[in-house]
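Data first, discussion second: the structure below is written as structure tokens.
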């Protein structure tokens, strides 16, 4: 988390990569969670999420320069 001289927290920049679709950079307030980003992208529950290459719980608080990778969930061929 970055701070200014006056102790005010600055926004964070997070890169969101939706596999096979898009890449975008979001600027958000400190304290933004993975769940917040998933809801904003309209993919909560529909995609597997990784932060900086690791599986992450939706409650994870994102940090400046984190990379969020969204991968479609693969559904099995159950009969």
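Side notes on the structure shown:
- Every test in (1) part of a loop (DSSP other than H, G, I, E, B); (2) modelled with pLDDT of 95 or more is passed by residue 25 save one, and that test is (1).
- Subset tally (residues that are in contact with a helix residue (DSSP H, G or I) (Cβ under 9 Å, 6 or more places away or on another chain), closer than 13 Å to residue 72 by Cβ and in contact (Cβ under 8 Å) with a residue 40 or more places away in the chain) for the stretch 15-51: 1
- Among residues of the stretch 39-60 being more than 9 Å from the chain's Cα centre (by Cα) and assigned to a strand (DSSP E or B), the one that is surrounded by the most Cβ atoms within 10 Å (Cβ to Cβ) is 47.
- Only one entry in 35, 59 is modelled with pLDDT of 95 or more and farther than 19 Å from residue 11 by Cβ, namely 59.
The values are calculated or read from the model by the stated rules, or taken from the named source; none is laboratory data. The model shown is predicted, which means the values in this text are computed figures rather than measured ones. Don't worry about glycine lacking a Cβ; one is built from the backbone with ideal geometry, like all the others, and counts go over all protein chains shown.
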